[in-house]
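Asks: Here it is, the structure in full.
The values are calculated or read from the model by the stated rules, or taken from the named source; none is laboratory data. The structure displayed is predicted, hence computed values, not measured ones. Cβ: placed from backbone, ideal geometry, glycine included. Neighbour counts: every protein chain shown.
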Amino acid sequence: MSFAQSLIDNVVRIAEEKGAKKVSKVVVEIGKLLMLNPEQLKFCYEVVSKGTIAENSELELIEVKPIIKCSICGKEYDTPFAICDCGGVLTVEGGKDAVIKKIEMEI
């Protein structure tokens with residue numbers, strides 16, 4: 001619930017700074033490593049947006065997969081863990097962020 005509250009706080013702040021009267025759609029990229037359930041997030045977003053200019057707005061979530069590579073051989077993995085088959089350490093790029101990509105609003 002706190003993630004949804006933070007999201008709506010930022011959406012409303014940005015929309016009000018632009019002089020918006022209503023927010024109709026919000027597009028957010030969600031990193032897979034955040035381990036957020038999209039359906040739960042949408043439900044919480046709906047609850048916390050009530051009474052704001054974002055009430056009844058559509059929330060579109062785009063899942064971003066991380067890039068996980070071995071620092072020595074370059075082999076790529078789907079899930080993060082500490083050591084590659086070759087003994088190299090894995091690096092994780094992306095998939096850990098939540099980014100508001102677009103806010104559609106009526107001004």
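Listed here are the residues, each with its yes/no results for (1) of a type outside the set (Asp, Glu); (2) within 23 Å of Gln5 (Cβ to Cβ); (3) free of Cβ contacts under 8 Å to residues at least 40 places away in the same chain.
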| residue | (1), (2), (3) |
| --- | --- |
| Ser49 | yes, yes, no |
| Ile53 | yes, yes, no |
| Glu58 | no, yes, yes |
| Lys65 | yes, no, yes |
| Ser71 | yes, no, yes |
| Phe81 | yes, no, yes |
| Cys84 | yes, no, yes |
| Thr91 | yes, no, yes |
| Ile103 | yes, yes, no |
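Asks: What pairs can you find where one residue is in region 19-33 and surrounded by 17 or more Cβ atoms within 10 Å (Cβ to Cβ), the other is in a loop (DSSP other than H, G, I, E, B) and among the hydrophobic types (A, V, I, L, M, F, W, C), and their Cβ atoms are less than 9 Å apart, with a gap of 6+ or different chains?
Replies: Correct list of pairs: Ala20/Ile53; Ala20/Ile107; Val23/Ile53; Val23/Ala54; Val26/Ala54; Ile30/Leu36.
Asks: Among Val99, Val64, which is the only one that is over 16 Å from Val11 (Cβ atoms), surrounded by 11 or more Cβ atoms within 10 Å (Cβ to Cβ) and not small (Gly, Ala, Ser)?
Replies: Within the list Val99, Val64, the selection yields Val64.
Asks: For region 86-94, indicate whether the set of residues that are buried (at least 17 other Cβ atoms within 10 Å of the Cβ) and at pLDDT below 90 is non-empty. Break it down stepwise before answering.
Replies: The first filter runs over region 86-94 and keeps only residues buried (at least 17 other Cβ atoms within 10 Å of the Cβ), leaving 90.
When the remaining residues are screened for being at pLDDT below 90, the result is 90.
Taking every residue of region 86-94 in turn, at least one turns out to be buried (at least 17 other Cβ atoms within 10 Å of the Cβ) and at pLDDT below 90.
Asks: Something else: Given the options Glu39, Glu60, name the one that is among the acidic types (Asp, Glu) and in a helix (DSSP H, G or I).
Replies: Of the residues listed, the single one that is among the acidic types (Asp, Glu) and in a helix (DSSP H, G or I) is Glu39.
Asks: What's the total number of residues in region 1-36 that are more than 26 Å from Val92 (Cα to Cα), in a helix (DSSP H, G or I) and under 16 Å from the mean Cα position of the chain (by Cα)?
Replies: Qualifying residue count for the region: 5.
Asks: Filter region 32-66 down to the residues that are β-branched (Val, Ile, Thr) and closer than 20 Å to Asp97 by Cα and list them by number. Full working, then the answer.
Replies: So in region 32-66, the residues β-branched (Val, Ile, Thr) come out as 47-48, 52-53, 62, 64.
Of everything in region 32-66, those that are β-branched (Val, Ile, Thr) and closer than 20 Å to Asp97 by Cα turn out to be Ile62, Val64.
Asks: Shifting gears a bit: Mind telling me which of the residues Thr79, Thr52 ends up being touching a strand residue (DSSP E or B) at 6+ places or on another chain (Cβ under 9 Å), surrounded by fewer than 11 Cβ atoms within 10 Å (Cβ to Cβ), among the hydroxyl-bearing types (Ser, Thr, Tyr) and not in a strand (DSSP E or B)?
Replies: Values: Thr52 fails: surrounded by fewer than 11 Cβ atoms within 10 Å (Cβ to Cβ).
After ruling out the rest, the residue left standing is Thr79.
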